[in-house]
């Protein structure tokens with residue numbers, strides 16, 4: 001019967017081989033097919049990289065044609081192109097206080113230590129490109145909530161005459177001022193605080209920076225907009241990290257690191273945040289020297305206290321040291337002794353060698 005004639009055909013393997021032999025043949029060809037497919041994928045990836053303008057999404061983008069180094073090697077290594085993009089918008093997201101939701105500057109994340117190295121270098125690059133003194137290059141601050149501390153900026157290489165502060169209390173006015181500043185040839189960088197801005201307005205500002213092509217544009221926005229879409233190719237979220245356990249108590253906030261999270265970049269997501277110094281290098285050196293002097297003074301005071309506790313130790317006498325007690329002033333004699341030029345001002349124990 002025709003139905004019975006189909007049974008042997010279904011039970012046989014490919015090319016008329018027995019069923020078990022056919023399965024073994026297919027299994028033996030799988031490694032060969034997998035290796036061939038992997039080789040084909042590698043060839044396609046190499047061909048895509050050979051074509052200009054083609055970027056693999058699982059790799060860090062080569063970046064735009066021009067970038068400005070951030071001054072932080074750790075951050076440059078994780079940014080496309082190795083620095084801040086020129087002719088593009090960079091968003092910096094900062095925390096804000098609950099009482100002031102529209103005040104981006106009310107957050108505790110320090111901004112200037114992150115941007116100062118690039119701003120100073122950008123002014124110098126502008127001067128070299130235009131064969132003009134660097135004093136002609138201007139950094140525009142649009143809508144800054146409070147004026148920066150000018151002596152600290154001047155010490156870092158950004159003098160007061162290189163800053164142009166535009167209040168921009170009205171959002172529309174701030175956006176217009178930032179756009180006009182990007183069209184000015186003497187502007188090296190623009191920092192715009194825009195807590196309330198629409199995506200269409202951000203796109204227009206990004207386009208103005210792209211048309212200029214050689215300036216830095218930083219837009220400061222609150223941290224809660226991190227989940228919203230943005231035309232900026234680079235978005236960073238800033239916050240102040242916990243203070244370290246070492247160091248003096250009054251230096252806790254100054255020694256706390258700046259936590260930088262890359263929210264958006266042309267490349268794979270970053271595994272974890274970056275920890276950068278929250279103070280300029282010169283200030284960190286001064287604080288370290290002050291801490292060393294304070295630690296030395298505390299150690300010396302601790303040694304003196306130890307000596308006073310062991311005033312009766314015979315080893316002090318063997319060393320030729322003698323503990324001399326000074327009489328303390330009675331409470332009623334303070335005013336009299338204050339007017340007596342011959343009175344001694346020491347009211348504590350002293351060690352005379």
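Scanning segment 93-123 for residues that are at pLDDT 85 or above and either on the phi > 0 side of the Ramachandran plot or in contact with a strand residue (DSSP E or B) (Cβ under 9 Å, 6 or more places away or on another chain) (or both) returns 93, 94, 95, 111, 113, 114, 115, 118, 119, 121, 122, 123.
Does residue 231 satisfy the criteria of being assigned to a loop (DSSP other than H, G, I, E, B), in contact with a helix residue (DSSP H, G or I) (Cβ under 9 Å, 6 or more places away or on another chain) and closer than 21 Å to residue 146 by Cα?
Spelling it out, it is not the case that residue 231 is assigned to a loop (DSSP other than H, G, I, E, B), in contact with a helix residue (DSSP H, G or I) (Cβ under 9 Å, 6 or more places away or on another chain) and closer than 21 Å to residue 146 by Cα.
Answer yes or no as to whether residue 261 is surrounded by 14 or more Cβ atoms within 10 Å (Cβ to Cβ), assigned by TED's automatic domain parsing to the domain that holds residue 93, on the phi < 0 side of the Ramachandran plot and at pLDDT 90 or above.
Against the criterion (surrounded by 14 or more Cβ atoms within 10 Å (Cβ to Cβ), assigned by TED's automatic domain parsing to the domain that holds residue 93, on the phi < 0 side of the Ramachandran plot and at pLDDT 90 or above), residue 261 qualifies.
When you look at residue 53, is it more than 24 Å from residue 271 (Cβ to Cβ) and either modelled with pLDDT of 90 or more or outside any helix (DSSP H, G or I) (or both), yes or no? Yes; evaluated as a whole, the condition is true for this residue. Please specify each residue of segment 142-174 satisfying the condition of being in a strand (DSSP E or B) and within 16 Å of residue 220 (Cβ to Cβ). Once the filter is applied, which keeps residues that are in a strand (DSSP E or B) and within 16 Å of residue 220 (Cβ to Cβ), segment 142-174 yields 142, 163, 165, 166.
The values are calculated or read from the model by the stated rules, or taken from the named source; none is laboratory data. Note that the structure is predicted; figures quoted are calculated from it, not measured. Methodologically, a virtual Cβ is constructed for each residue, glycine included, from the backbone with ideal geometry; neighbour enumeration extends over all protein chains shown.
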